[in-house]
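Presented below is the structure to which this report refers.
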Amino acid sequence: MKHILLLLPLVLSAAVPQQLRFAINGDPKMFDVLMVAESNSETIRYLTAGVLLRVNRTTDVPQPELAESFQVKEGGRAITFKLRPNLQFSDGTPLTAADVERTLRRALDPKSGSPTGDTLRAGDTAPEILVANPREITLRYKAPKPGIDRLFDSVGIAPPVQTKLPPSSGAFFVAEYQPGTFVLLRRNSHYFKRDAKGVQLPYLDSIRLDIQANADIALTRYQRGEFHLINKLDADSFDRLQKTQNNSVRSLGPSLDPEFIWFNQAPAKTLPEWKRAWFTSAAFRHAVSSAIRREDMARIVFKGHAHPAVGPISTANRFWVNAALKPPVLDTKGGLAQLAKEGFTLRGNVLRDKGNHAVEFSLITQAGKRPRERMASLVADDLKALGIKVNVVTLDFGSLLDRISKSLDYEAALLGFENVDADPSEEMNVWLSSGAQHAWWPAQKTPATAWEARIDKLELAQAAEGVRANRKNLVDEFQKIVREEEPIIYLLNPDYLVAVSPSLKGVQPVVVPPQILWNAEWLRFE
Amino acid sequence: MTPVGRESTFASRLAPGRLALGFLTFIATILIGGFAAAALVRYSPGFDVDEDVLNPHLSPATIAARHAQREVENGLPRFYLRYLARAAHGDFGKSEAFNLPVSELLRHRASISAGLLVRGTLGGLALGSLLAWLSVWPRRLTLELSAVATSGLLLAIPPAVLALFFFFREWPLWLAVALALLPRVFGTARSILEDFYSSPALLAARARGLGSARLAITYVLGPAAPQLAALAGVAVVLAFGSLIPIEGLCDVPGIGQLALKGALARDLPLLSALGLIITSLVAGVQWMGDLTR
Amino acid sequence: MTRPATILLALVVVLGLAAPWLAPNPYDHQFRDMASASPQPGFPMGTDDLGRDRLSRLLYATRVSVLLAPSAATISVLLALLFSALAALPSRLVAWTLSLANGIFLSLPWIFLFIILRSKLSLNTDPLVSVTLTFALMGVAGWAIPGRAFTASIVEMKDAGWLLQARAAGLRPWRIATAHAWPHLWSLALVQFRILIPAYVLSEASLGLLGLGVADPMPSWGNLLRDLQHPDVVQANPWTLAPLALLVLVMICLESLTPSRKAAL
């Protein structure tokens, strides 16, 4: 009898189905680990692709994965990986240094258009790849590559042949995909990792990602117990869930993702010169920034689950944020004084520039994104205090994209970024004046201003600097310039809110993607 | 309109000349309508802009390489002619938004939408006609008023909101499609029935003391059948239209949702295929309507 | 039954037109400390999530919607009547072209035309101008649905026995048109008009999502109805159903005012 009682917990735990279910908001565009560029594919890539090393999201230290060891050499110019013995893909075929080499070469081929290639290259140059034996591979750059080890966290090792549902090198593999309905991942029985007791990981048998674009439906299904987690909860849903299932929601504090406004400074045909003169004036941008009530925004739009942003790097990114910077304070009077110095005058309730033009601009944002629509409405109302008239226009994503990246027919835009990494090189293409994502004036041939030239220098220097402390100084100066010039007016960092079923164990949610799922092989139901 | 005095017969409707003209209209609608739909997509802002341009992790070279992998044909007439030629062989191209062959997407989703469409249309026709019958036949003011109120209510609620409500109550979604269709059917069915109900033939028969069931079958339902059939055809088109917001908001992976996602992504191959399907449906219903007239 | 309906409809129109005098607050004033408030003195219908007075917004929305939706419906019905009248001509080619145009108009993805319209307008276009243009385009694009009904009816009339009898009796065409055909078409037009109004109010709501409808902060029934997409909001604040209730009331009044005659879809 005693024995039977002892066995009981085992029997009970065996009875718990080990299928994790949650929602993704759209179809993954592809399963080729080297080609993914949007968040749903990236989630699946993370869960299925094996990597040589993984950055532990709680300690921020790179740890061996497919590589049993790795060594940074030659002052940060080279890195050597030693693979674990007897590695296999999920279909049982062996995984050797030749597979790693093939993966890297395909990623680095400029014609492939692989985002992984961008991660691996130093500027335009590809590293040298040397395979010493089936278990050892070295990458060598011409100059030290900062964070040379960390960048392999996102380099998934691809199988020899790309099929519709390719085999994987990670904890799970894609077993089934029904477009518009779900993606089913099953555990990879050839996965190398074991726990302290020698039990093979992952604990979960399968993961079902249901494609659910409507967040209200996803929330209801979570409440019904059909989903086990919500990786990114909006503030309204968080409050609603907190009332009914308080033990399942968590706020992780400010996220890495900023919400911001910028003005079009590009010499576009559709933008009159006198308006461009306002937008290129730092005083004008400061005045606008100083009149925005960020606290109201956090309280009304995000129900208090947001914090005023200090700049491009979130306060959640403790190492890289410039600690000397504080969020802009509300100072409408100061703003008006700055405008007066630039020749603007407030007559009645209307601000006028030197040429007697009434100050009025349109602010575009994405239609259907409720928080952004509300933020834009609040900004428009706040700027009345400066005598500025703001016309909020919500556009469908295609039209918005066309205006801010192709036709440049817009005046100001309100958007946000989703940062997938805490590293400051993350937004390199935004800050380089030649970058296609240099929001306020993309793809400049030469930097338009001295401060943009300085940012270019700082960005390139930090990307080449091997010593972390030196790099931090460069990044600090960059943040200071962004604050002084405010080409992008930072508003808020919404808090990272998640919901996790209490029955799911082993959860260590973090603000860096993929948040709850970063240690998926350790998750289990009890 | 009363049916008395109609001169066209079924035989005349099927005369070869008329059939040929009908067929010509059918084909012309599909060709011109399909081309116009593709043109609207091609010339709307956001076409030919990848969302990759907003991805800060991608270098300009990578964005360019990814863009080159999209099969973008800039000359619209050429694109469309080639598209039609390939479509004739069952190849509708590759969807840019889903990165899958369009024919595969359509095959998978057609069954889901067909279920909603068939049940929704039949349900809408049945409920709408029943309500129309109740508002006309028993001649009771309360019944008529409640029928009018029900129809007015359903006319004012956005179909997608109605569907969402059903979804959260875990009620079948096809019923929402049916209810969205109901007021449209009600309006038409009511007036058709009223016409026959007040026809001199029926009044005369009633004066002869015929029972209501026989009256209804002989003088109303029988003669109204062709018009009710035409109504059924149009109802399919209307129900199809309501699938777009319903499937879009309730995350039903059907053709309607495909249309919505395709539109947001300016997915020309996918939207061209859907354009052909929708024009065929509309033109087919129109042709059928002409034949029954 | 028509009398109370007329009175109610008139009342709604008056409420809308008198919004500036009746509304307790400006429709766009953000009472930021009162966001998402329940009904209370000062805010009889509570406030929305930006702290704007719901009652004032509903009154102003009524003004926009009772003017624009029926205007667009009128455009559609008039255009449909005009085009369908061509079907009465003896030319077969005209009838064929008409039927072809009708089919094409019915099957076009109109949403893209609205997106193109928005891209051609300056972003600083006065919201009133852009919304008027949107409704006008809606009115023009929408002729096909009533057009089909009118054409069918006219074609049917051409074949009808009474028309042949009238011709045989020597009645002139214009006399036939005014005395016999027009009353029938008129009742049909009223039915179509009634069906199009809510269709346009709801279309405006979805166009609002694309920045084409009535732009924030200006309220319309359409953008107030967007709140219904979030069932939690409605459940917690049943008074957000007020715009829907008003639209339903208007629909029922219109329905009971229209003579029920054949209303081909």
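The values are calculated or read from the model by the stated rules, or taken from the named source; none is laboratory data. Owing to the predicted nature of the structure, the values given are computational and were not obtained by experimental measurement. Don't worry about glycine lacking a Cβ; one is built from the backbone with ideal geometry, like all the others, and counts go over all protein chains shown. Note: areas computed on protein heavy atoms with side chains; ligands, DNA, RNA excluded. Shrake-Rupley method; radii C 1.70, N 1.55, O 1.52, S 1.80 Å.
Tabulated data
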{"read-out": "Restricting segment A:393-402 to residues that are in contact with a helix residue (DSSP H, G or I) (Cβ under 8 Å, 6 or more places away or on another chain) and more than 7 Å from chain B (Cβ to nearest Cβ), the residue that is nearest to B:LYS261 (Cα to Cα)", "value": "A:LEU395"}
{"read-out": "Filtered residue count, segment B:67-114, keeping only those that are open to solvent by 60 Å² or more (accessible area, probe 1.4 Å), within 14 Å of another protein chain (Cβ to nearest Cβ) and within 19 Å of B:LEU276 (Cα to Cα)", "value": "3"}
{"read-out": "Only one of B:LEU134, B:LEU179, B:LEU117, B:LEU155 that is open to solvent by 50 Å² or more (accessible area, probe 1.4 Å) and closer than 30 Å to B:ALA216 by Cα", "value": "B:LEU134"}
{"read-out": "Tabulated pairs, segment C:228-245, first closer than 19 Å to C:LEU59 by Cα, second open to solvent by 50 Å² or more (accessible area, probe 1.4 Å), C-beta under 7 angstrom, 6+ apart or interchain", "value": "C:TRP239/C:PRO39"}
{"read-out": "Matching residues, segment C:101-140, being in contact with a Gly (Cβ under 8 Å, 6 or more places away or on another chain), more than 21 Å from B:VAL282 (Cα to Cα) and either of a type in the set (Lys, Arg) or not in a helix (DSSP H, G or I) (or both)", "value": "C:ARG118"}
{"read-out": "Residues within segment A:84-118 that are more than 14 Å from chain B (Cβ to nearest Cβ) and farther than 21 Å from A:GLU68 by Cα, tallied", "value": "2"}
{"read-out": "Any chance C:THR134 is over 23 Å from C:LEU81 (Cβ atoms), of a type in the set (Val, Ile, Thr) and out of contact with any Cys (no Cβ under 9 Å at 6 or more places or on another chain)", "value": "no"}
{"read-out": "Of all residues in segment B:28-58 being outside any helix (DSSP H, G or I) and either more than 10 Å from chain A (Cβ to nearest Cβ) or at pLDDT below 85 (or both), the one that is most open to solvent (accessible area, probe 1.4 Å)", "value": "B:TYR43"}
{"read-out": "Helices (runs of 4 or more DSSP H) lying entirely in segment C:1-87 (those with 1 or more residues that are farther than 22 Å from C:PRO217 by Cβ and of a type in the set (A, V, I, L, M, F, W, C))", "value": "C:2-17, C:54-86"}
{"read-out": "Boolean, A:GLY311 is surrounded by 19 or more Cβ atoms within 10 Å (Cβ to Cβ) and either free of Cβ contacts under 8 Å to residues at least 40 places away in the same chain or under 30 Å from A:THR270 (Cβ atoms) (or both)", "value": "yes"}
{"read-out": "Pairs, first more than 8 Å from every other protein chain (Cβ to nearest Cβ) in segment A:364-385, second open to solvent by less than 10 Å² (accessible area, probe 1.4 Å) and of a type in the set (Gly, Ala, Ser), C-beta under 6 Å, six or more apart", "value": "A:THR365/A:ALA376; A:ASP382/A:ALA291; A:LEU383/A:ALA291; A:ALA385/A:ALA291"}
{"read-out": "Segment A:484-505 - residue that is buried (at least 21 other Cβ atoms within 10 Å of the Cβ) and acidic (Asp, Glu) and, of those, nearest to A:VAL329 (Cα to Cα)", "value": "A:GLU486"}
{"read-out": "Which numbered condition A:THR125 fails, given (1) of a type outside the set (A, V, I, L, M, F, W, C); (2) open to solvent by 10 Å² or more (accessible area, probe 1.4 Å); (3) over 26 Å from A:VAL467 (Cβ atoms)", "value": "(3)"}
{"read-out": "Members of segment A:356-408 that are at pLDDT below 95, among the acidic types (Asp, Glu) and touching an Asp or Glu at 6+ places or on another chain (Cβ under 9 Å)", "value": "A:GLU373, A:ASP402"}
{"read-out": "Tally, over segment A:272-287, of residues that are open to solvent by less than 10 Å² (accessible area, probe 1.4 Å) and hydrophobic (A, V, I, L, M, F, W, C)", "value": "4"}
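Conditions (1) within 23 Å of A:LEU415 (Cβ to Cβ); (2) in contact with a Leu (Cβ under 6 Å, 6 or more places away or on another chain); (3) open to solvent by less than 10 Å² (accessible area, probe 1.4 Å); (4) at pLDDT 95 or above, marked per residue:
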residue	(1), (2), (3), (4)
A:LEU209	no, no, yes, yes
A:THR220	no, no, no, no
A:PHE227	no, no, yes, yes
A:GLN245	no, no, no, no
A:SER255	yes, no, yes, no
